[in-house]
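So the structure is just underneath, and the comments pick up after that.
Just so it is clear, none of the values below were taken in a lab; they were calculated from the coordinates. These numbers were taken from a predicted model, which means no experiment stands behind them. Using ideal geometry, Cβ is built from the backbone for each residue, glycine included, and neighbour counts are taken over all protein chains shown.
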Amino acid sequence: MSLSTLDLPALPARLAAPAPGWVETTDVIVIGSGIAGLTAALNLREAGLHVTVVTKVNIDDGSTRWAQGGIAAVLDPLDTPAAHAFDTEVAGVGLCDPAAVQVLVEEGPTRLRELMRVGAEFDRNPDGSLMLTREGGHRADRIVHAGGDATGAEVQRALHEAVGRDPWIRLVEHALVLDLLRAPGTAGQGADQLGRACGITLHVLGEGSEDGVGAILGRAVVLATGGMGQIFSATTNPTVSTGDGVALAMRAGAAVTDVEFVQFHPTALLRPAGLGGSGSGGAQQPLVSEALRGEGAHLVDGDGKRFMVGQHELAELAPRDVVAKGIHRVMLAHGTDHVYLDARHLGEDFLNRRFPTIVASCRAIGVDPAVDLIPVAPAAHYASGGVRTDLFGRTSIPGLYACGEVACTGVHGANRLASNSLLEGLVFARRIAEDIARDLPPQVDPAPTGAWVGGSGDVVDPAVRAGLARAMTRGAGVLRSAGSLRATAAELTALSRSRGTPGTASWETTNLVTVASALVAAAYARQETRGCHWRDDFPAADDEWRGHLVSSIGSDGRLVQSWEATR
């Protein structure tokens, strides 16, 4: 297949940074402290390995604690893994890997019970059984939740406490990972070829040398850095979600895939600009969980009319891409920046008990869900693609693993099914730990590459970050076209010419440019509408595009794309 290509900026092979001023050694380095990272760390400890967890701010500042809806797993005797797999693959619109989906749905219930044994407490019925609910795209009640709509916070609490009880898990907070270290190539490889992953460089505030740059050597590296929602001006992701893991993997030579499939949550709470809303650029928008729609709330336009009825058999509970597109059409037709969610008929007592987080967020902007319509609009929410892995989380670089939102396991296809993400983190983190424990090599000192000694590399001026987010939302957001994507590529190229000096803000901005470029290139190449990728100029799905775009950075810094048809 001939792929349409864009003129995009050259991307760095490493970040400009000082040479490491300190070095530590451990068995396994886990980057990220959400459900995927902490689950991997706990399972690696069960295998008797020493683990260092590196996290960007504090241990609880990632995306996991913001998850409202819950975790999907087959726990009802009347439900089946096959039914869960069916719903997952329908949502994925032909691009899910059936083997990965099978792993998810069959191993998921066991992994969820293990999480409960760690200490996570989920909502229960009066008889003590788990309370199950339904979300968009599911045809059965299979979502467990905690605190009504505070599932992520409860999961994060339980894992945080479990990690804290283990003295052999070293936690490094306020640390931005920079680049991957790789061992010298094996015999028979060219002089410029590198071997397996053997550590990372990172910047830790106040650690080691004056500039804080150091290195941690390990026998394996696990990426669990979360998503990249901050490439858009409106997102439900926290400010730390700048695509650091995907960018690091690409600089190291790893393949990424399906990055064009960014799910826009249909119902983010629209906050006024003065409260960090759409006028602020890159602000985190509060999520209004689709569990609220699962309990009977309706989407309505400015005239109070339900507009999803007749668009899909599940109406407001259709898969997220369908609902986001339905909302976007209404916004375009009415010339507005939002629609409404009507939950008034559910009653104040029920709303306060079942959705305390949502009620509090609404009241913070002067909206009472018991008496007012809730203003909502789509916002970037979840990256279905990422660093390509196999069924054990192995990337294309030996010794480098990935799980959670940073990874593309093949589970989500073109659109993630609601509440499958936390489950994916549990399932594949366990598989990674098992694979590492089976065959972990001795420590090898890294090659004296640029990432090791510091020096040459590139960074982008952080002043362009807001402009990048606005350009991505305008041209590569919910609705895309060849023209909008060409304009976005031109803006990315222009913005990337502004060079910065090494530092946290510049490193993050450079990561954003890297992942944004990969997304725009893939979105331009895929000339169809599928899942959460919506091309205005190619409005239908096309069987010719049933496959995956695989991207990497070439030796000249340019993006290289290849095509793999689904089997």
>> With only alpha-carbon pairs counted, each pair once and no self-pairs, how large is the Kirkwood hydrodynamic radius of segment 311-470 in angstroms?
In response: 20.4 Å
>> From Cα pairs below 8 angstrom and at least 6 apart in sequence, can you work out the relative contact order of segment 277-418, rounded to a whole percent?
In response: 20 percent
> Which values of log₁₀ I(q)/I(0), to two decimal places, follow from the Debye formula for segment 455-565 at q = 0.14, 0.20, 0.21 Å⁻¹ with a uniform point scatterer at every Cα?
Replying inline: -0.60, -1.06, -1.13
>> Report for the chain the percent antiparallel among DSSP-assigned beta bridges with both residues inside it, nearest 5.
In response: 65 percent
> What ranking, highest mean first, results for peptides 18-25, 412-419 when packing means the other Cβ atoms within 10 Å averaged over each residue?
Replying inline: 412-419, 18-25
>> Between Asp301 and Thr239, what is 0.36 nm times their sequence separation minus the Cα-Cα distance? Round to one decimal in nm.
In response: 19.3 nm
>> When a/c reaches 1.5 or more, the comparison of a/b and b/c decides; with that in mind, is segment 266-379 rounded, prolate or oblate per its Cα gyration tensor?
In response: oblate
>> Using +1 at the C-beta of Lys and Arg and -1 at the C-beta of Asp and Glu, which of Ala255, Pro266, Gly296 has the Cα lying farthest in the positive direction of the dipole of segment 215-336?
In response: Ala255
> Kirkwood-based Rg over Rh for the chain (C-alpha set), two decimals?
Replying inline: 0.95
> How much of the DSSP beta bridge set in segment 455-565 is antiparallel, as a percent to the nearest 5?
Replying inline: 90 percent
